[in-house]
Amino acid sequence: MTSTEAHLDRLRGDVAPVNHNARTIAALTGNPGCRRRAVLDAAGVDKKAMSVHIGHPVPFGQSTFAITRGNAFEAQVKANGCAELLTMLRERLGLDIAEVAYNDLEEAGGNGSREVRHALARRMIDGAAAGVEGAGTLFDHPLLGLPIGGRTVYLEPDLIAFQVGAQFHIIEIKSFPVIDGQADGGKVAAAAVQSAVYVLALRRLFEELGHDPQRVSHNVILVCPENFSNRPVATLLDVRRQLTVLKRQLSRLRRVDELLATLDPGLTFDLGVRDGTATRPAGEVVAALGEVEARYSPDCLDMCELSYFCRAEARGTTHALGRTVREELGGIEFVDTALRLAEGRLAPTVELAETAHALRTALRMRTECLS
């Protein structure tokens, strides 16, 4: 175990780490300047349990009904060696699929450990990419790795890697409906970002194995229920733009070991879980969170389990107003400071002279409009 891994274990405490998935990585890259999220996610801290313990639970998350419906739809699509899926790919997308060998990589001979599953996925996909006879063409739940902040994390994707000729495709199965050829734009966008994470991870694996990473197609196959039935329909989703954004944002994330070097060696986010109940005083957990700088913005409400806590913490600051407002206000950190500058109750510094003039102009225009 490296010193970085040992430090992350101390931060997390005596509990198993929470695994990353495509949604958490997409959310992490959505706010690359937040050191708090970078540290907590690197350590695998259960942010949802933490938010409940400190009195700021988040309301978002899938309902039990939605999860059950999604699992049932996925099972239907994958039934009988993905027979229905293959028929759909042949007929609706016109893919020339002559022969298919299905491999379920969710468990490796009964061993569900991440290391063993990852090694199995590497071996199977390497053989398929090299054209080894009998290596397979369809891989269910391959466990992939992706470097995040200088540390490789495992992804447990709900996906299928599918080989057509020399090209590999990611197949993403979602339970939101496509009605009259149209699906919810927000859900499609979220699926595109998550799929881009899988494409990037699979391309990285190809590169490690000595294969051309461009053999992993940027066209993801999105499978959803059609209209109000459970009949699946497949469409191609181009994720090149999402890949570009994802790679740029991941490159901006600071290395985990650099972040850890700035922290107190005795800092821990351990909740003191005993028999499923957190026993550590909530005030101590709040104090520990305060040791790591956060960068809250309203976007966090849709993507982070600690967003309600960080919003309460940021109340009165320009961070709480969003990135656009914060950038327009330059170096002004507090809303009260901006108001006093606008009303002429505070003399601006040389650096804030232009911003103060803009604030006074905005206040005058607002007053004129209201009167």
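The values are calculated or read from the model by the stated rules, or taken from the named source; none is laboratory data. All values reported here derive from a predicted model rather than from experimental measurement. Cβ: placed from backbone, ideal geometry, glycine included. Neighbour counts: every protein chain shown. Keep in mind that these areas ignore ligands, DNA and RNA; they rest on the heavy atoms of the full protein, side chains included. Shrake-Rupley method; radii C 1.70, N 1.55, O 1.52, S 1.80 Å.
Its residues counted as N, region 106-185 yields a C-alpha radius of gyration over 2.2 N^0.38 Å of 1.31.
In sequence order, region 316-329 has phi-based couplings of x, 9, 6, 4, 5, 8, x, 4, 4, 5, 4, 5, 5, 7 Hz under the Karplus curve 6.51 cos²θ - 1.76 cosθ + 1.60, θ = phi - 60°, and Gly or Pro positions carry x.
Excluding ARG204 itself, calculate the net charge of residues whose Cβ lies under 15 Å from the Cβ of ARG204, where each Lys or Arg counts +1 and each Asp or Glu counts -1. Result for the local shell: +1. For region 218-324, applying the loop criterion from DSSP together with a ceiling of 16 other beta carbons within 10 Å to the chymotrypsin sites (Phe, Trp or Tyr not before Pro) yields PHE228.
The residues packed around GLY186, meaning those with a beta-carbon under 15 Å from its beta-carbon, carry a net charge of 0 if Lys and Arg are +1 and Asp and Glu are -1.
Based on protein heavy atoms only, the chain ends up with 51 Å² per residue of surface accessible to a 1.4 Å probe. Helices assigned as whole DSSP H runs in the chain whose Cα atoms extend at least 30 Å along their own long axis and whose mean Kyte-Doolittle hydropathy is 0.0 or higher are found at 185-208. Within the straight-line cut-off of under 22 Å between alpha carbons, the lysines reachable from LYS247 are LYS187, sequence neighbours fewer than 8 places apart in one chain being disregarded. Rounded to whole numbers, the Karplus 3J(HN,Hα) couplings from phi for region 211-224 are 9, 5, x, 6, 6, 8, 5, 7, 8, 8, 9, 9, 10, 9 Hz, using 6.51 cos²θ - 1.76 cosθ + 1.60 with θ = phi - 60°, and x at Gly and Pro. For ILE148, the residues whose amide H sits under 5 Å from its own are VAL153, ignoring neighbours fewer than 5 places away on the same chain, with H placed 1.01 Å from N. Computed with a 1.4 Å probe on the full set of protein chains, the accessible area for LYS187 sits at about 100 Å².
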